[in-house]
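Right, one structure below, let's go through it.
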Amino acid sequence: MEPIYRTEITEIGAEVGAFLEEKYLILFEVGAPPELAEMAVLHDCSHMREEPPVAGDVLAIGGKEFPMTAVGEKAWKNIKDLGHAVFVFNGAREVEMPGQICLEEGGAEDLGALVRPGARMEIKAGGDGTTAARDREGAKRES
């Protein structure tokens with residue numbers, strides 16, 4: 001199955017480790033201003049579909065999968081327009097900010113080893129697809 005989103009990590013900003021310890025993974029597309037690049041993982045997107053991901057879809061980083069628990073209403077627009085994403089590994093069922101994507105907490109301690117130049121990141125349809133597909137259909141009707 002074709003992924004929802006595919007990108008490759010190109011650079012790691014100097015402050016990324018501190019954000020990962022707090023369970024935040026911040027992405028910006030290659031070419032971000034230096035003040036943003038120092039706190040972000042820079043990446044180069046190779047595939048993006050029109051429809052946004054939904055809770056139940058999965059973020060895969062270097063083979064490790066993190067189920068999404070909530071997707072903010074502005075998150076996909078930020079990714080499409082700016083190559084910017086804020087992933088929060090807190091297990092929340094509702095985002096605190098409209099640009100966030102929340103994921104299950106388990107495994108967040110492995111992020112430091114997974115997030116490295118050359119690693120592939122993908123957003124894929126989750127699990128058996130039924131919950132995510134139902135959520136996706138609901139999202140289509142609301143837009």
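Derivation of every value follows stated rules applied to the coordinates shown; laboratory data play no part. Model, not experiment: these values are computed from the prediction. Here Cβ is always computed from backbone atoms with ideal geometry, including for glycine, and neighbour counts include all displayed protein chains.
At a Förster distance of 35 Å, what's the computed FRET efficiency of S46 paired with A14, Cβ-Cβ distance as r, to 0.05? That gives a FRET efficiency of 0.85.
Placing unit charges on each Cβ (+1 for Lys and Arg, -1 for Asp and Glu) gives the chain a dipole about its Cα centre, and among N90, W76, H43 the Cα reaching farthest toward its positive end belongs to W76. In terms of surrounding Cβ atoms within a 10 Å radius of their Cβ, K77, K124 rank from fewest to most as K77, K124. Only Lys, Arg, Asp and Glu carry charge here, each on its Cβ (+1 for the first two, -1 for the last two); on that basis the chain has a dipole of about 440 debye about its Cα centre.
In order along region 7-17, the phi-based Karplus estimate (6.51 cos²θ - 1.76 cosθ + 1.60, θ = phi - 60°) of 3J(HN,Hα) comes to 8, 10, 6, 10, 8, 10, x, 4, 9, 4, x Hz; Gly and Pro are listed as x. Evaluated at q = 0.11, 0.15, 0.18, 0.19 Å⁻¹, the base-10 log of the normalised Debye intensity for the chain, with identical point scatterers placed on the Cα atoms, takes the values -0.35, -0.68, -1.01, -1.13.
Under 5 Å from the amide H of G56 lie the amide H atoms of M68, T69, each residue being 5 or more positions distant or on a separate chain, with H modelled from the backbone and absent for Pro and chain starts. When K23, K74 are sorted by how many other C-beta atoms sit within 10 angstrom of their C-beta, beginning with the fewest, the order is K74, K23.
Relative to the longest principal axis of the Cα atoms of the chain, helix 130-142 runs at roughly 80 degrees.
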